[in-house]
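First up is the structure itself, then whatever we jot down about it.
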Amino acid sequence: MTTAVEIDDLSFAYPGADRPALERVSLMVPAGESVALLGASGAGKTTLLALLDGRLLAWRGRASVLGAPIDPDHPPSRDRRADSGFIFQEFALVERSTVLRNVLNGRLGRMPPLRAVLGAPTPSDLEVARAALDDCGISDLADRRVDSLSGGQRQRVAIARCLAQEPRLILADEPVSNLDPARAAEILTLLTGVAGARGATVLFSSHQPDLARRFAQRIVGMRGGRIVFDVPVAELNEDATADLYRDGVSVSDVGLRAVT
Amino acid sequence: MRSRRFGGIAAGTLVAGAVLWSFATSDLEVSRMMSAGPRVAEFLGRMFPPDPTVMDEIVKGSAETLRIAILGSLGAVILSVPLGILASETMVSPVLYRPVRTLLAFIRAVPLILVAMLMVGAVGLGPLPGIIAIAFHATGMLAKFYAEAIDGVARRPVAALESAGAGPLARLRHAIWPQMAPVVARDTIFRFELNLRESLILGIVGAGGIGFYIQTYVRSFQYDKAASVTLAVIVMVVAIEAINVALRRRFA
């Protein structure tokens with residue numbers, strides 16, 4: 001398999017919204033690459049990542065993830081959900097459970113259903129979880145409850161939970177925007193590092209051009225639900241980047257106002 | 001402005017009318033009201049010193065009250081788990097949770113003592129009607145609390161486990177339950193405390209427990225014995241409160 005993500009002419013609108021959240025988006029991400037989605041709030045980054053994670057239905061166009069098409073009418077199977085890991089801006093951890101328990105939650109999609117409900121990990125599940133903790137530098141926190149951790153530590157736990165899924169694609173939605181700049185660079189170093197070591201593809205979103213430039217091989221600029229550029233880091237154009245955050249109305253806005 | 005003043009006058013007239021009506025039709029004599037204070041004081045005086053010889057009855061009655069509260073609470077928990085899930089906005093559709101919530105509100109509106117009297121009529125004297133009454137009455141509140149506990153958990157961790165490939169039951173067990181467990185423990189202990197307090201008086205209508213002795217001694221003018229039983233009840237309530245506080249710290 002050589003492509004991790006391949007989407008073609010993809011459009012999606014949230015129910016009741018007057019404008020599409022994604023409009024005729026096409027994108028190809030080769031396996032093993034690290035790609036940043038760059039854009040302002042509302043550009044469609046979160047929607048695109050959620051769609052690739054199989055959490056949105058009723059979109060139009062074609063999309064395949066890890067070599068197999070995803071279905072706009074049905075949620076993906078447990079196996080396929082486990083194959084792509086998701087890292088949330090707000091960590092999305094079970095606060096009252098321990099770090100190890102949270103990381104083992106990443107194994108649930110890999111366990112038979114009954115074992116998953118009982119939460120009885122096999123020795124190999126534990127081994128995978130321990131290795132993930134180790135890679136994220138938090139082995140010493142394994143028995144701590146998540147609600148006693150700092151933001152940076154929490155995001156390490158979330159990355160470890162994702163690694164416990166043994167994903168081949170990691171989707172990360174603004175993984176560092178809740179963290180201070182030093183912590184943000186640390187977490188992205190970790191994320192791209194562990195993904196690279198495992199040969200997993202990373203697609204992360206950010207609204208900070210400097211972080212995108214530092215940690216991605218390729219940058220995809222989004223604005224108003226469309227992809228406006230898709231370039232290797234070396235070719236990133238300052239003007240085009242600034243354009244993503246430009247205030248004012250786009251041509252389509254003007255058109256909408258003219259008719260309403 | 002005018003209509004507000006008119007509303008004030010109307011409300012004042014209504015309240016005054018209600019008070020006058022209550023006085024006029026309750027056969028109250030001023031002399032009897034004046035002497036009520038000293039009479040109550042004298043009555044309390046007859047309760048002292050409390051008679052300690054009723055220890056056996058206290059132990060027997062307290063044990064029965066405790067058993068009624070424990071089994072009544074158990075029954076309420078068993079009824080509240082499914083009803084709580086069915087009354088939850090995040091687990092079932094409005095078609096289901098709306099009628100279930102209405103049913104729970106109706107259950108809460110029926111006074112415990114009325115349920116107990118009906119149960120005594122239905123199944124006879126003793127602890128059984130008390131247990132049934134407590135289980136029924138407590139479910140109205142406990143199932144509502146459980147539903148609120150389910151609906152109160154953070155949704156993001158649940159979504160994260162779904163994204164990782166966990167099924168609905170695995171998500172309930174590993175993302176929802178850890179978040180709601182302390183709330184369920186706190187609410188259940190709170191309801192048990194209320195059940196224990198409320199079951200103390202069930203004996204008065206024949207539904208078993210220590211209340212039976214208070215009623216018996218007051219009716220037979222053995223106020224010193226009634227005082228001992230009352231003191232025992234107070235000690236029990238304080239003890240329940242202390243245990244509750246300790247448990248709350250543990251689960252916080």
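The values are calculated or read from the model by the stated rules, or taken from the named source; none is laboratory data. This one's a predicted model, so the numbers in the text were calculated from it and none came from an experiment. Neighbour counts are summed over all protein chains in view; Cβ atoms, including those assigned to glycine, are modelled from backbone coordinates with ideal geometry. Heavy atoms of the whole protein, side chains included, go into the accessibility calculation; ligands, DNA and RNA do not. Shrake-Rupley method; radii C 1.70, N 1.55, O 1.52, S 1.80 Å.
For the structure I just gave you, tell me whether A:E238 is open to solvent by 10 Å² or more (accessible area, probe 1.4 Å), of a type in the set (D, E, K, R) and over 15 Å from the mean Cα position of the chain (by Cα). Reasoning before the result, please.
On the way: open to solvent by 10 Å² or more (accessible area, probe 1.4 Å): yes; of a type in the set (D, E, K, R): yes; over 15 Å from the mean Cα position of the chain (by Cα): yes.
Against the criterion (open to solvent by 10 Å² or more (accessible area, probe 1.4 Å), of a type in the set (D, E, K, R) and over 15 Å from the mean Cα position of the chain (by Cα)), A:E238 qualifies.
Among the numbered conditions (1) at pLDDT 90 or above; (2) within 14 Å of chain B (Cβ to nearest Cβ); (3) more than 12 Å from A:L169 (Cβ to Cβ), tell me where A:Q89 comes up short. Only one criterion in (1) at pLDDT 90 or above; (2) within 14 Å of chain B (Cβ to nearest Cβ); (3) more than 12 Å from A:L169 (Cβ to Cβ) is unmet by A:Q89, namely (1). Inside the stretch B:149-174, residues that are free of Cβ contacts under 8 Å to residues at least 24 places away in the same chain and either under 18 Å from B:F192 (Cα atoms) or more than 9 Å from chain A (Cβ to nearest Cβ) (or both) make up a count of 1.
Going by the structure shown, is A:D18 of a type in the set (D, E) and in a loop (DSSP other than H, G, I, E, B)? Walk me through it before giving the result.
Working: of a type in the set (D, E): yes; in a loop (DSSP other than H, G, I, E, B): yes.
So A:D18 passes the test.
Note on the stretch A:96-118: residues that are at the interface with chain B (Cβ under 7 Å from one of its Cβ atoms) and under 22 Å from A:D140 (Cα atoms) amount to 4.
Looking for whichever is assigned to a helix (DSSP H, G or I), within 22 Å of the chain's Cα centre (by Cα) and within 27 Å of B:V218 (Cβ to Cβ) here; the options are B:A41, B:A69, B:A36. Which one fits? Walk me through it before giving the result.
On the way: B:A41 fails: within 22 Å of the chain's Cα centre (by Cα); B:A36 fails: within 22 Å of the chain's Cα centre (by Cα).
Criteria check complete, one pass: B:A69.
Cβ-Cβ contacts under 7 Å between residues 6 or more apart (or on different chains), taken from a first residue in the stretch B:64-81 that is more than 10 Å from B:S199 (Cα to Cα) and touching a residue at least 24 places away in the same chain (Cβ under 8 Å) to a second residue that is of a type in the set (K, R) and buried (at least 19 other Cβ atoms within 10 Å of the Cβ), are listed as B:S73/B:R191; B:A76/B:R191.
Looking at B:E57, B:E42, B:E29, just one residue is of a type in the set (D, E) and touching a helix residue (DSSP H, G or I) at 6+ places or on another chain (Cβ under 7 Å), and that residue is B:E57. Considering each residue of the stretch A:106-123 in turn, none proves to be within 21 Å of A:R156 (Cα to Cα) and polar (S, T, N, Q). Within the stretch A:175-199, the set of residues being open to solvent by 10 Å² or more (accessible area, probe 1.4 Å) and within 22 Å of A:L27 (Cα to Cα) comprises A:T192, A:G196, A:G199. Of the residues making up the stretch A:164-174, those that are open to solvent by less than 60 Å² (accessible area, probe 1.4 Å) and farther than 16 Å from A:S34 by Cα number 2. Count of the stretch B:87-104 residues, restricted to those that are in contact (Cβ under 8 Å) with a residue 60 or more places away in the chain and open to solvent by less than 50 Å² (accessible area, probe 1.4 Å), is 2.
With a requirement of 3 or more residues that are open to solvent by less than 20 Å² (accessible area, probe 1.4 Å), the helices (runs of 4 or more DSSP H) lying completely within the stretch B:105-187 that satisfy it span B:112-123, B:127-151, B:155-163.
Residues that are open to solvent by 60 Å² or more (accessible area, probe 1.4 Å) and touching a residue at least 24 places away in the same chain (Cβ under 8 Å) number at least 3 in the following helices (runs of 4 or more DSSP H) confined to the stretch A:52-159: A:78-83. Restricting the stretch B:97-152 to residues that are of a type in the set (V, I, T) and touching a His at 6+ places or on another chain (Cβ under 9 Å), the residue that is farthest from B:S73 (Cα to Cα) is B:V110.
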